[in-house]
Amino acid sequence: MKIVGRVMLMTSAFLILMTPVKTAAQQVQYDVVLASGRVMDPESNLDAVRYVGIRDGKIAAISTQPLKGRTVIDVKGLVIAPGFIDLHSHGQDDENYRYKARDGVTTALEMEVGVSPVASWYAEREGKALINFGATVSHIQAKMTVMKDTGTFLPRDNAINRVSTPAEVSQVTALINQGLDEGALGIGFGINYVPTTTRAEVFDLFALSAKRGVANYVHMRNAGAVEPASGVGSLQEVLADAAATGASLHVVHITSMCLRQTITCLAMIEGARSHGLDVTTEAYPYTATQTRLESAIYDEGWQEKFGITYKDLQWVTTGERLTAETFARYRKEGGSVIGHAIPEEISRLAVADPRVMVASDGLIEKGKGHPRGTGTFARVLGLYVREQKAVSLMDAIRKMSLMPAQRLEKVVPSMRMKGRVKVGTDADLTIFDPATVIDRATFEQPALYSEGIRHVLVGGVFVVRDEKIVEGVKPGKAIRRTTR
Ligand SMILES: [Zn+2]
């Protein structure tokens with residue numbers, strides 16, 4: 001009898017020992033559980049299959065063991081990445097937020113052109129946005145206001161045709177200070193669009209940005225290789241201003257500014273960084289630009305600058321290629337034009353470079369525009385990572401999430417909660433199929449959703465589920481500086 005008792009005791013002890021002890025994480029009920037996905041965190045380089053538990057909009061657990069949740073989604077074979085952060089999204093309305101979400105973007109920021117006034121821009125979107133949003137204060141639009149330019153988004157007359165008076169310069173500076181007081185993320189410049197802006201004006205505003213502790217997001221003064229008005233020369237201007245003021249600098253769309261001299265421009269930026277300047281840059285993965293035909297970009301000399309001619313220009317509204325005659329007519333009318341000016345090898349070079357962030361420069365208007373507005377992020381993952389193996393999956397994810405977050409987090413500490421897949425960070429997540437993800441948008445048909453971006457969450461709320469927009473949800477939050 002004693003022996004039987006001992007055997008039973010040992011058996012139950014053995015059974016208890018063999019029963020795996022549930023961890024604290026496993027005993028909690030989460031709002032959402034993403035089960036058995038390949039978690040890729042570009043900050044820690046974690047790249048492993050895990051269960052991700054989400055609660056109250058945050059990542060609450062990352063476990064090797066199954067987790068309990070009100071909603072449990074099997075994401076086996078899919079990648080769980082930080083939500084993509086687009087520093088260069090002109091599209092800031094519901095139409096564009098949908099395309100962005102379907103391209104894996106959880107935060108879309110208007111950092112280049114910027115906005116002015118700032119407070120009303122944020123108020124218009126509060127509680128009404130599908131994804132997170134934010135903007136810099138706009139030097140261009142402050143100038144358009146002060147000089148009474150008749151352009152809508154970009155200037156077309158008064159802000160272009162003459163140099164500002166000292167009184168106008170100080171009015172513009174006042175509007176920029178007001179925008180920063182209202183929480184703008186930095187100062188946005190498009191010097192190419194307001195070419196009569198003097199170098200002294202730019203220098204003074206860089207000094208202001210350094211004093212206010214914000215960065216400058218700059219479309220430089222000139223593009224192309226024709227000296228002295230070249231991309232390289234324009235980069236020298238803003239690097240010198242950053243060096244002389246200590247201001248932080250982000251150079252937008254480096255490939256469309258430096259074209260065949262992109263290698264030189266990247267070497268200049270690397271050199272400046274190695275000597276202590278805070279300089280970053282970005283590119284979109286396409287071989288064509290887009291802008292307004294009536295803008296200063298297409299002033300006389302554009303063919304030499306860009307090394308292209310009329311047939312390389314495509315009218316956005318009709319998709320037609322231009323001639324000398326239609327160029328003149330449409331320039332008078334005004335409208336968007338695509339310029340097939342960036343060599344493929346230059347585009348690939350920038351996408352492959354781990355120092356260059358991915359940013360779309362996207363803007364879709366009633367289904368018309370450049371495919372970069374709808375397909376940029378899926379294109380990097382499908383064409384450049386999977387098909388061309390030009391960049392690793394982790395580097396690509398880093399260029400589309402962690403690096404943009406780091407660009408902003410000194411100015412907006414809440415960005416430390418984005419661009420990562422870590423316990424405690426915001427549940428802004430993009431879940432995609434690395435075997436099928438691809439852009440579908442083309443220059444002829446730009447308004448096509450990307451494929452393979454399976455689910456997207458903003459603050460733990462699904463905005464895309466099974467490759468469909470979730471209707472009726474507006475979890476997007478303002479990304480904004482807090483001002484005393
Ligand atoms: Zn630009």
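With every protein chain kept in place and ligands, DNA and RNA left out, what is the accessible area per residue of region 186-311? Probe 1.4 Å, answer in Å². Show your work: numbers first, answer last.
Values: 4230 Å² over 126 residues.
Dividing the accessible area of region 186-311 by its residue count gives 34 Å².
Where does the chain land at 222 nm, in deg cm²/dmol rounded to the nearest 500, when only DSSP H runs of n ≥ 4 count, each adding -39500 (n - 2.57), divided by all residues? Intermediate results must be reported in sequence, preceding the final value.
Working: 17 runs with 160 residues, N = 484.
Computed mean residue ellipticity for the chain: -9500 deg cm²/dmol.
Taking the DSSP bridge list for the chain and keeping only pairs wholly inside it, about 55 percent are antiparallel. Relative contact order, whole percent, for the chain stands at 20, derived from Cα pairs under 8 Å and 6 or more residues apart.
Legend: calculated FRET efficiency, Val72 to Ser274, from the Cβ-Cβ distance at R0 = 56 Å, rounded to 0.05, equals 0.70. For His340, the accessible area of its heavy atoms, probed at 1.4 Å with every protein chain present, is near 40 square angstrom.
Rounded to the nearest 20 Debye, what is the dipole magnitude of region 20-92 about its Cα centre when Lys and Arg each give +1 and Asp and Glu each give -1 at the C-beta? It would help to have the intermediate numbers written out before the result.
Details: 8 positive and 7 negative charges, 79 e Å.
Once rounded to the nearest 20, the dipole reads 380 debye.
Among the GluC sites (Glu not before Pro) within region 276-308, those in coil by DSSP and having at most 14 neighbouring Cβ atoms inside 10 Å are Glu300. Taking all protein chains together and a 1.4 Å probe, the residues Phe432, Phe327 rank Phe327, Phe432 from largest to smallest accessible area.
Calculated on C-alpha atoms, the gyration radius of the chain divided by its Kirkwood radius gives an Rg/Rh of 1.06.
Projecting the Cα atoms of Ala200, Ala184, Val172 onto the charge dipole of region 157-214 (Cβ charges, centred on the Cα centre) puts Ala200 farthest toward the positive pole.
Taken about its Cα centre, region 356-480 carries a charge dipole of about 480 debye when Lys and Arg each add +1 at the Cβ and Asp and Glu each add -1 at the Cβ. If you look at the Cα atoms of region 118-187, you get an Rg and a Dmax of 13.5, 42 Å.
Return one number: the angle in degrees, 0 to 90 and rounded to the nearest 10, between the long axis of the Cα atoms of helix 166-181 and the longest principal axis of the Cα atoms of the chain. Helix 166-181 sits at roughly 10 degrees to that axis.
Spacing of the modelled spin labels on Gln178 and Arg465, each 7 Å from Cα toward Cβ, amounts to 4.4 nm. Calculate I(q)/I(0) for region 419-466 by the Debye formula, one identical point scatterer on each C-alpha and no solvent, and give its log10 at q = 0.22, 0.24, 0.25 Å⁻¹ to two decimals. Listed by q, the Debye log ratios stand at -0.83, -0.90, -0.92.
At full extension, Glu300 and Leu448 could sit 49.8 nm farther apart than now, given 0.36 nm per residue minus the alpha carbon distance. Annotation: aspartates and glutamates with alpha-carbon distance below 15 angstrom to Lys410 (same-chain offsets under eight excluded): Asp278.
Using a 1.4 Å probe over the heavy atoms of the protein chains, calculate the carbon and sulfur portion of the accessible area of the chain as a whole percent. Could the numbers behind the result be given before it?
Values: 10860 of 19060 Å².
Of all accessible area on the chain, carbon and sulfur atoms account for 57 percent.
Can you tell me the orientation of helix 199-212 relative to the chain, as the angle in degrees between its alpha-carbon axis and the longest Cα principal axis, to the nearest 10? Tilt of helix 199-212: around 30 degrees.
Each residue was assigned an accessible area with a 1.4 Å probe, and for Ile342 the value is about 10 Å².
If a paramagnetic tag sat 7 Å from the Cα of Val473 along the Cα-Cβ line, which residues of region 423-440 would have the backbone N under 16 Å from that point? Inside the label zone: 426-432.
At a 10 angstrom cut-off on C-beta neighbours, averaged per residue, how do the peptides 201-208, 164-171 rank from highest to lowest? Intermediate values should be presented prior to the final figure.
Working: 201-208: 19.4, 164-171: 14.0.
Final packing ranking: 201-208, 164-171.
Counting other Cβ atoms within 10 Å, which trypsin sites (Lys or Arg not before Pro) in region 372-410 have at most 15 and lie in a DSSP loop? Numbers along the way, then the final one.
Numbers: sites: Arg372, Arg379, Arg386, Lys389, Arg398, Lys399, Arg407, Lys410; in loops: Lys389, Lys410.
Sites meeting the loop and neighbour criteria: Lys389, Lys410.
Taking every protein chain into account, the accessible area of region 380-444 amounts to 35 square angstrom per residue (probe 1.4 Å). The alpha carbon convex hull volume per residue for region 41-148 rounds to 136 Å³.
For region 85-152, which GluC sites (Glu not before Pro) pass both filters: DSSP loop (anything but H, G, I, E, B) and at most 15 other C-beta atoms within 10 Å?
Working: sites: Glu95, Glu110, Glu112, Glu124, Glu126; in loops: Glu126.
Answer in residue order: Glu126.
The values are calculated or read from the model by the stated rules, or taken from the named source; none is laboratory data. Just so it is clear, the structure is predicted and the values come from calculations on it, not from any experiment. Every residue, glycine among them, receives a Cβ derived from its backbone with ideal geometry; neighbour counts consider all protein chains shown. All accessible areas refer to the heavy atoms of the entire protein, side chains included, with ligands and DNA or RNA removed. Shrake-Rupley method; radii C 1.70, N 1.55, O 1.52, S 1.80 Å.
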